[in-house]
1. In the stretch 176-251, which helices (runs of 4 or more DSSP H) lie fully inside it and hold 2 or more residues that are farther than 21 Å from Asn161 by Cβ and either open to solvent by 10 Å² or more (accessible area, probe 1.4 Å) or more than 12 Å from the ligand (Cβ to nearest atom) (or both)?
2. Could you tell me which residue of the stretch 1-30 is farthest from the chain's Cα centre (by Cα), considering only residues that are touching a residue at least 60 places away in the same chain (Cβ under 8 Å) and away from the ligand (no atom under 16 Å from the Cβ)?
3. Could you run through the stretch 162-175 and say how many residues are touching a residue at least 40 places away in the same chain (Cβ under 8 Å) and surrounded by fewer than 17 Cβ atoms within 10 Å (Cβ to Cβ)?
4. Here are Ile103, Ile109, Ile117: which of them is crowded, with 21+ Cβ neighbours inside 10 Å and more than 13 Å from the chain's Cα centre (by Cα)?
5. Does Val159 fit the bill of being open to solvent by less than 40 Å² (accessible area, probe 1.4 Å), in contact with a strand residue (DSSP E or B) (Cβ under 7 Å, 6 or more places away or on another chain) and free of Cβ contacts under 8 Å to residues at least 60 places away in the same chain?
6. Based on this model, can you work out whether Lys144 counts as part of a loop (DSSP other than H, G, I, E, B) and either farther than 20 Å from Ala205 by Cα or not β-branched (Val, Ile, Thr) (or both)?
7. May I ask you to say which residue of Lys72, Lys34, Lys38 is over 26 Å from Thr204 (Cα atoms), part of a loop (DSSP other than H, G, I, E, B), open to solvent by 20 Å² or more (accessible area, probe 1.4 Å) and at pLDDT below 90?
8. Does Ile43 satisfy the condition of being open to solvent by less than 40 Å² (accessible area, probe 1.4 Å) and part of a strand (DSSP E or B)?
Amino acid sequence: MKVINKLVIANWKMNPQSKKEAEIIFKNIFNNLKNIKKTEVIICPPFPFLFVKGKVKTKNIKLGSQDVFYEKEGSYTGEVSASMLRDFSVEYVLVGHSERRAIGDTNEIVNKKILAILKSKMNPIFCVGESVRDTNGFYLSFIKQQIIEGLVNVNKPQVKNMVIAYEPIWAIGSSADREATPAEFTEIRIFIKKIITDLYDVKTANEVRIIYGGSVNPLNAESFIKEGRADGLLVGRDSLNPKKFSAIINLVK
Ligand code: PGA
């Protein structure tokens, strides 16, 4: 079986507010990471700050985008195409993040974006997750539908290069209800593997990387990797703090 490297992804969201700050955060993360060989670290800054990596020579840190538009080119004011991102050396693209779904990205749009990302030879980080956990397990059918509809027309070799991020909405951000537990992640990880097995096959399900996101911090990071057996972590708030973010990366290593 292929060796799978762990991933640690920084989602800066709409932060920081100046290019100077973006450069400082990136540089500090880079300076703390010189010994990291196997873990893949991916920084997803806002579009105007995608330049940050350009100035720093590193193979350890890869560039990700927080979104993309699915059309190839043309009259789409305000949108950014997959080929523009690729030309900026972007390798990963977040898609289906709950904050984008909240402002209009449906499963169909998410699917179009995934296909556009794959066509431009980048890797989608496909985010799924429910807003509440009910006791009847309806959240499971909700996640299943997100995955099935998101993967329409995605073929087997393509799905192997994808990352699926389980991000329960109730555990995201400073107003989160509570933190998720590694056991809750494990349940969904197994469930996602089963869905991928049914849609593709066991081999594909083994290779697709399933990561956790939602209030990841230096205190809980290790447990999601060790007990939850996550292939990586998607970090929001703590990715803007180079000390905390580097601590998370070291725990994953
Ligand atoms: P958080 O954000 O770590 O601040 O909860 C995670 C995310 O939304 O990707």
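The values are calculated or read from the model by the stated rules, or taken from the named source; none is laboratory data. Please read all numbers here as calculations on a predicted model, not as lab measurements. Every residue, glycine as well, gets a Cβ built from its backbone with ideal geometry; the counts of neighbours run over all protein chains shown. When the accessible area is computed, the model is the full protein with side chains, heavy atoms only, and any ligands, DNA or RNA have been set aside. Shrake-Rupley method; radii C 1.70, N 1.55, O 1.52, S 1.80 Å.
1. 182-199, 221-226
2. Met1
3. Total satisfying the criteria: 2.
4. Ile117
5. no
6. No, not satisfied.
7. Of Lys72, Lys34, Lys38, the one residue that is over 26 Å from Thr204 (Cα atoms), part of a loop (DSSP other than H, G, I, E, B), open to solvent by 20 Å² or more (accessible area, probe 1.4 Å) and at pLDDT below 90 is Lys34.
8. So Ile43 passes the test.
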